[in-house]
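I have placed the structure first, in the form of structure tokens, so that the comments after it can refer back to it.
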Amino acid sequence: MNTCKAALRILKARKLYVIIYLVLIGTMMFSISWQIMRGSTAAGATTYEPESARIAVIDRDDDAEHVVQSLRSYLALDGEMVTIDDDSISLQQAVASNYVDLIAIVPQGFAERYLQYADNATATQPTIDTVVSYASGAGSLAQLKVNEFLSLTRTAYLGMPQAQRTLDAAMATTLDAATADMKQSHIAVVSSDSEDDGTTPGSSAFAGTLKTGLYPLLLVMPVCTFLVVSTFNDNEIRRRLYSSPARLVSLEAQQMLTCGTFGLLVCAAYTAVTFLLMALAGVSFTGLNAVNVGLSFVSLMVYTLMAIACGFLLGSSGFNEMATNGFVNVFALLVMFTSGMAFPVDMMPDPMIIIGKLLPGWWLCSSIDHVFGLGTASSSGVDYGAWASSTGLVAMFAVAFICLGLALGRIRRARPTLASPATTQLAK
């Protein structure tokens, strides 16, 4: 019990590692999952809502024949009308800052020239000057609406009786027809059956968020375990422990028990935050049950024990703190990028997949996939046997690390000169 208390005091004294590697890195991974959840929730809409363009209409013709007023009303059906000053600086700033997607400028004398064109008095069609934002696709579509308005207005004008032809009436007819069409049209998303219809958003969100835990866990657990083990392996402390009646195996077991308890709490907290994020993002819990959630938690806990065993190996090997931090950061990044969590497996090159299968992160993701029938298990579906084999491989990594740590620790104890100081200090 005293060993457990001492291990807890060591972790408390070095809580900065927990804050950086667990809290901050974990928050970053949760933020990524949050954005994915929000995106998947928005993607489930049943009605298509196109992006509306921000449009400004500049009147330099004193609204002759109510052309500007009618054009604004027509463009407002699909876009958002804004007002800007008619000077060069304001126009340039509005386009350069993407404040507007489209600027339509009605030049002086446009209504008179357009009326002549509508009466076939001239073959030259007058144009409305337009400026489209360089980064806006909606602005380009709105530019087509301007040309469409002019074309429909001329068609309506020519379709009127000769005695009743007025440009104002033609534009009103065009606007009324467009308004009626907007009320009748309805764009909906048609859902079709697919191969992964059995996959629910809840199970996908839960599995994806739980997979993100492999990176912060592989950072914090090896470092914390290393701090505990290396502290107890200090020369002075080790001499005192050798002279005590306590067995060395019991002391090491208590150290691992403390780290394992800490890892269990971290896994439980990570799972709880995952559920909280799903609730806040509005993701349904459909598809989650006690079996798949429990098996996923077991996979995450076995992976945590593997990370603890890795820290035990580093602490027993005599690494210093700086070398351990460097190794853990590189190893965690390698595991994350080759596990299939950071990238879809079908986008990963074959050498990257081969490297991933030699590391524990791949098998953690594989075990979670087989619980829900996602990712690498999308073709085979839920397979508890494959889950057991994948989880067992992660456990084998833990056993290998423990065995290597015990062997290297025994070698260091059998050769004390390897860990003794270079000079001998005589006690006064």
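What's the longest uninterrupted piece of the chain once you rule out the chymotrypsin sites (Phe, Trp or Tyr not before Pro) that are loop residues per DSSP with at most 12 other Cβ within 10 Å?
Counting only loop sites that pass the neighbour cut-off, the longest clear stretch is 135-428.
Helix by helix, which DSSP H runs in the chain go 20 Å or more along their axis at the Cα atoms and have an average Kyte-Doolittle hydropathy of -1.0 or more?
25-42, 137-158, 167-184, 214-232, 248-281, 290-316, 321-338, 384-414
Counting other beta carbons within 10 Å of each residue's own, what order do M182, M160 fall into, fewest first?
The order, fewest Cβ neighbours first, is M182, M160.
Using Cβ counts within 10 Å as a stand-in for footprinting exposure, how do S133, S73, S52, S97 rank, fewest first?
Listed from fewest to most nearby Cβ atoms, that is S97, S52, S73, S133.
Please work out whether segment 54-183 counts as rounded, prolate or oblate from its C-alpha gyration tensor, where a ≥ b ≥ c are the square roots of the eigenvalues and a/c under 1.5 means rounded, while otherwise a/b larger than b/c means prolate and anything else oblate?
Since a/c reaches 1.5 and a/b is larger than b/c, the shape of segment 54-183 is classed as prolate.
Among DSSP beta bridges whose residues both lie in the chain, state the antiparallel percentage, nearest 5.
Among the beta bridges of the chain, antiparallel pairing accounts for roughly 40 percent.
Would you work out which of L175, V100, V68 lies farthest towards the positive end of the dipole of segment 54-183? Charges go on Cβ: Lys and Arg +1, Asp and Glu -1.
Selected residue: L175.
Among K211, K145, which comes first, then next, by fewest other beta-carbon atoms within 10 Å?
Going from least to most buried by this count: K145, K211.
Based on a Kirkwood Rh over C-alpha pairs, give the Stokes-Einstein translational diffusion coefficient of the chain at 20 °C and viscosity 1.002 mPa s in µm²/s. Working shown, then result.
Working: Rh = 27.4 Å.
Using the Kirkwood radius from Cα pairs, D works out to 78 µm²/s.
Nearest 20 debye, what's the magnitude of the dipole of segment 54-183 about its Cα centre given +1 on Lys and Arg Cβ and -1 on Asp and Glu Cβ?
Dipole of segment 54-183, to the nearest 20 debye: 380 debye.
Sequence gap at least 6, Cα distance under 8 Å: using those rules, report the relative contact order of segment 54-183 to the nearest whole percent. Before the final figure, lay out each step's value.
Values: 169 pairs, mean separation 37.0, N = 130.
Computed value for segment 54-183: 28 percent relative contact order.
Ignoring everything except DSSP H segments at least 4 long, calculate the 222 nm mean residue ellipticity for the chain; use -39,500 (n - 2.57) per segment, divide by total residues, nearest 500.
-21000 deg cm²/dmol
With only Lys, Arg, Asp and Glu charged, each at its Cβ (+1 for the first two, -1 for the last two), find how big the charge dipole of the chain is about the Cα centre; round to the nearest 20 debye.
My answer is approximately 4300 debye.
No value in this document is a laboratory result; all are computed from the given coordinates. Here the structure is a predicted model, which is why all the values come from computation and not from measurement. All Cβ positions, glycine included, derive from the backbone under ideal geometry; neighbour counts span all protein chains shown.
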